[in-house]
Every structure is written in C-alpha cells, then in structure tokens.
Amino acid sequence: MVIDFSIGKIIVTVNEIQCRFHDNQIVLTASVDDISCFHQGLVIAADAGTVRWSIKLDNAAQLEQVLNCTGIQAQ
C-alpha cells in the first residue's frame, strides 16, 4: 500500500515500512517488528537498536491505514 503525505510517500507491507521523501531522495526503511505507532501526535517510530527514526503523519486516516496493513497496535 502506498500512502501519500505532505513530505513524501509511505510504502507499507505486512513486513516493512518505507518512508520516501520528495525533495531529497532519502528513504527510511524498517521492519514492522521494529515499528511503534502513536495515536497521540500521529507518529510512526522505528527503533532497531542503534538506528532510530520517526515520522509525523498528516492525519489520523493515514495512521489507521498503516495500522490496518501491518497489524501493529497503536499506543
């Protein structure tokens, strides 16, 4: 599934999430096992030990799409 948001695209599969940014060719990738989602702030956060990143989504519908596709439980 591809979700467009204000600064790029989020590509979601049952196994991983990729965040691709429009302006600078940066791609952040993480396994679903390393992802946390937060209703408060509409944030997707990856923590794979020494590598950490987070993305703020534009709206709750985008977060719900990520949750539905991955099966992650939001906090």
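The values are calculated or read from the model by the stated rules, or taken from the named source; none is laboratory data. It should be emphasised that the depicted structure is a prediction, and the values quoted were computed from it without experimental measurement. Neighbour counts run over all protein chains shown; Cβ positions are idealised from the backbone, glycine included. These accessible areas exclude ligands, DNA and RNA; they are computed on the full protein's heavy atoms, side chains included. Shrake-Rupley method; radii C 1.70, N 1.55, O 1.52, S 1.80 Å.
Return a yes/no flag: does region 35-46 have any residue that is at negative phi, open to solvent by less than 60 Å² (accessible area, probe 1.4 Å) and outside any strand (DSSP E or B). Full working, then the answer.
First pass over region 35-46, keeping only residues at negative phi: 35-40, 43-46.
From what is left, the residues that are open to solvent by less than 60 Å² (accessible area, probe 1.4 Å) are 35-37, 43-46.
Next, only the ones that are outside any strand (DSSP E or B) stay: none.
No, region 35-46 has no match at all.
In region 14-34, which residues are touching a Cys at 6+ places or on another chain (Cβ under 9 Å) and in a loop (DSSP other than H, G, I, E, B)?
VAL14, ILE26
Taking region 7-34 as the search range and keeping residues that are of a type outside the set (A, V, I, L, M, F, W, C) and surrounded by 12 or more Cβ atoms within 10 Å (Cβ to Cβ), which one is farthest from ALA74 (Cα to Cα)? Don't jump to the end; show me each part of the working.
Taking region 7-34 as the starting set, the residues that turn out to be of a type outside the set (A, V, I, L, M, F, W, C) are 8-9, 13, 15-16, 18, 20, 22-25, 29, 31, 33-34.
Now narrow it down to the ones that are surrounded by 12 or more Cβ atoms within 10 Å (Cβ to Cβ): 8-9, 16, 18, 20, 22, 29, 34.
On the way: GLY8: 22, LYS9: 20, GLU16: 16, GLN18: 18, ARG20: 22, HIS22: 26, THR29: 19, ASP34: 13 Å.
Ranking the candidates gives HIS22 first.
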